[in-house]
Amino acid sequence: AGGTGIAPMYQALVPILEENSKVKQIRLLYSNKTPQDIMLKKELDALMEKHPNRFVVHYVIGEEKDDGRHSSMYKETGWIDEDKIRRLGFPPSDMNSSIVWICGVDKMYESLAGSRMKSLTEGSALHNLGFTTEMVWRS
């Protein structure tokens, strides 16, 4: 999620974590320009505390791809990219049990999936990691 893109994700997260035992684990990579821009931080942190074996948030802070200004406060800085997804997310699975949901600004869709509306684009971060169009949801 990027910025206000957390809103629809949060609306889905609560019932999934509270009511859906079929979803074993969720890892959320949540990007913001500055720490002050993080929406719903208290609520997300509370969900991590309540569901420590099922839900983890990785906050990614930065205005530019290589922005390391907040590295003393946050482990992940810059933008959500192929490397961060490889390290922090789940790998794609043959059984389509790994789903990626993107919600953010156009540049996020372009770099991660190729576009907001079209099929997963060859050379995009998620394509390079082995995800298929069916595994990538967009809001």
N128 and K22 label points (each 7 Å along its Cα→Cβ direction) are spaced in nm at 3.3
Magnitude of the Cβ-charge dipole of region 54-105, K/R +1 and D/E -1, about the Cα centre, nearest 20 debye?
280
Please tell me the relative contact order of region 1-97 in percent, rounded to the nearest whole number, where contacts are Cα pairs under 8 Å and at least six residues apart.
26
Could you give me the ³J(HN,Hα) list for region 112-126, computed from phi with Karplus coefficients 6.51, -1.76, 1.60 and θ = phi - 60°, whole Hz, x at Gly and Pro?
8, 10, x, 6, 7, 10, 8, 4, 3, 8, 4, x, 6, 4, 5
Taking the Cα centre as origin and putting +1 on Lys and Arg beta-carbons and -1 on Asp and Glu beta-carbons, what dipole magnitude results for the chain, to the nearest 20 debye?
260
Relative counts (whole %) of C-alpha pair distances in region 58-131, using bins that are 5 Å wide:
3, 16, 24, 24, 18, 10, 4, 1
Kirkwood Rh and Cα-based Rg: tell me the resulting Rg over Rh for the chain, rounded to two decimals.
0.94
Amide H contacts of V57 (H built 1.01 Å from N, under 5 Å, at least 5 apart or other chain):
L28
Tell me which residues come under 5 Å, amide H to amide H, from W79 once H is placed; ignore anything under 5 positions away on its chain.
D67
For region 23-105, with the dipole built from +1 on Lys and Arg beta-carbon atoms and -1 on Asp and Glu ones, taken about the Cα centre, which of S97, H58, I85 lies farthest toward the positive end?
S97
Using a cut-off of 18 Å between alpha-carbon atoms, which lysines can reach K24, once sequence neighbours fewer than 8 places away in the same chain are excluded?
K50
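Once every DSSP H run of n ≥ 4 in the chain is given -39500 (n - 2.57) and the sum is divided by its residues, what mean residue ellipticity at 222 nm do you get, rounded to the nearest 500 deg cm²/dmol?
Values: 5 runs with 43 residues, N = 139.
Counting only the DSSP helices, I get -8500 deg cm²/dmol.
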Starting from the Cα-Cα distance between E110 and M48, subtract it from 0.36 nm times their residue separation and give me the gain in nm to one decimal.
19.4 nm
For region 25-106 the GluC sites (Glu not before Pro) that pass both the DSSP coil test and the at-most-15 other-Cβ-within-10 Å test are E63, E64
Could you please state, rounded to a whole Å, how far the C-alpha centre of region 97-114 is from the C-alpha centre of region 29-47?
18
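Here, each number is a calculation from the coordinates, and none is a lab measurement. Everything numeric here is computed off the predicted structure, so don't read it as measured data. Ideal geometry is used to build each Cβ from the backbone, glycine not excepted, and the neighbour counts take in all protein chains shown.
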